[in-house]
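Only the coordinates and a few stated rules stand behind these numbers; no lab work does. Note that the coordinates shown come from a computational prediction; the quantities given were computed from them, not determined experimentally. Cβ coordinates were reconstructed from backbone atoms using ideal geometry, including for glycine residues, and neighbour counts include every protein chain displayed.
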Amino acid sequence: MDAIDLHSINPWEVSFLREEVGGYFAHGIEFAPGATVLDVGANVGVFSAAVYERLDGDVRIFAFEPMPPLYETLERNAREFFGGALTALPFGLSSAEDELDFSYFPAATIFSSSLRDAGNVEAERKRVTASIVEMIRRGGLGSAARRVPAPVLRGLVGRKLRVMRELETHRVRVRPLSAVLDEHGIDRIDLLKVDVEGAELDVLHGIEDRHWPLVRQAVVEVEGWRRHRDSIREVFEAKGFTVTAEQDPIQEAADIGMVFAVR
């Protein structure tokens, strides 16, 4: 994974993404060489790189990233690391064709979203701080950091995340997934991975009934877990999936969790 360009995101984000990636491959999520994988909310391609390496490059990946600064790096990684296996797409997914204002945090890119803005960013910063502190306390960033007392950690992480106050607004395109499937002739989805910072239901509502049989399995990071978990679960159960919903203590601190759906 070190071969992909990670310079456009901060080192702590790299650590966070790498820690997060392992959690996607659980509860029956598996795939064989030749798989087709959709990486929705790709950032610069850390999850895609993990999939590529697991399958020794024998995979077809479609990676969606609407933020122009991140897409630029993702597209370069597609050319220089993935050997033609990854198609980088410069838009997000939603329930319909549209253009939306996205808040982009240059120093905390993984939290960029159409649902964050200057009005709620302080509450978001506190939520994210709680999650990162819990991850550190459980050894997620090394054994030395976990020995720091929790109040000190909260202060350190909170100060680090003040960079979330520095945001840019980008007008970006979003599209329904069904339109993309038609456009690219995608006739199977061995894994649909969705990490879109609160817009998960919009992504799923962009899949028409005729395309749901193409989806073999999915893993979705759900933001606003208490409000949205059941709705996400119901979408997949209605389409015939076996669903597992899981939240660990780190995710609980941030009110997020994971939904795994397998045929």
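What the table below lists for this structure:
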| quantity | calculated |
| --- | --- |
| Gain in span if fully extended, His205 to Asp56, counting 0.36 nm per residue against the direct Cα distance | 50.4 nm |
| DSSP bridge orientation in the chain - percent antiparallel, rounded to nearest 5 | 50 |
| Residues whose placed amide H lies under 5 Å from that of Arg175, excluding near-sequence neighbours | Gly92, Leu93, Ser94 |
| Rg(Cα)/(2.2 N^0.38 Å) for the stretch 41-123, N = residue count | 1.20 |
| Hull-based mean projected area of the chain, where the convex hull spans the alpha carbons, in square nanometres | 13.0 |
| Whole-Å semi-axes of the ellipsoid equivalent to the stretch 191-243 (Cα gyration tensor, √5λ, descending) | 18, 12, 10 |
| Between the stretch 100-126 and the stretch 73-97, the Cα center-to-center distance that results, in Å | 22 |
| Relative packing of peptides 180-186, 33-39, 232-238 - highest average C-beta neighbours within 10 Å first | 33-39, 232-238, 180-186 |
| Kirkwood hydrodynamic radius (C-alpha pairs) into Stokes-Einstein, the stretch 75-119, 4 °C and 1.567 mPa s, D in µm²/s | 100 |
